[in-house]
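To start, the structure itself, in structure tokens.
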Amino acid sequence: MAGKTLLNERWLTPAHIEKSREEKSMKMKLGTMAVAAVMAASPVMADLVFPSLSYRTGPYAAGGIPFADGYADYMNLLNARDGGIGGVMTNVLEC
């Protein structure tokens, strides 16, 4: 049969093959856009984020508040004195 090929025991016409090429091209474009979006967002994600799992209320507040404040102060000291950790600024998020 001229103009047809056998793929997975199915006869495909040149139109089917062209459609497959278009799908691959679209997948490549979407993949490229996804990589570009991640690269564009990378300066935003440049901070080192450390969670502060602190107790500010309840029976553990007496020890939790000073610890959480000291933890945040130390991270601020690292940012001010050393320019962060390895030159990357730190950010403390309280949970």
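Laid out as a table, the results:
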item	result
Enumerated strands (runs of 3 or more DSSP E) restricted to the stretch 1-85, each holding at least 3 residues that are at pLDDT below 85, out of contact with any helix residue (DSSP H, G or I) (no Cβ under 9 Å at 6 or more places or on another chain) and under 30 Å from CYS95 (Cβ atoms)	none
Pairs with Cβ under 7 Å, 6+ apart, first in the stretch 61-83 and of a type in the set (Ser, Thr, Tyr), second outside any helix (DSSP H, G or I)	TYR71/SER52; TYR71/VAL92
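The values are calculated or read from the model by the stated rules, or taken from the named source; none is laboratory data. Quantities reported herein were computed from a predicted structural model and do not represent experimental measurements. Because the Cβ atoms are built from the backbone with ideal geometry, glycine has one as well, and the counts that use them run over all protein chains shown.
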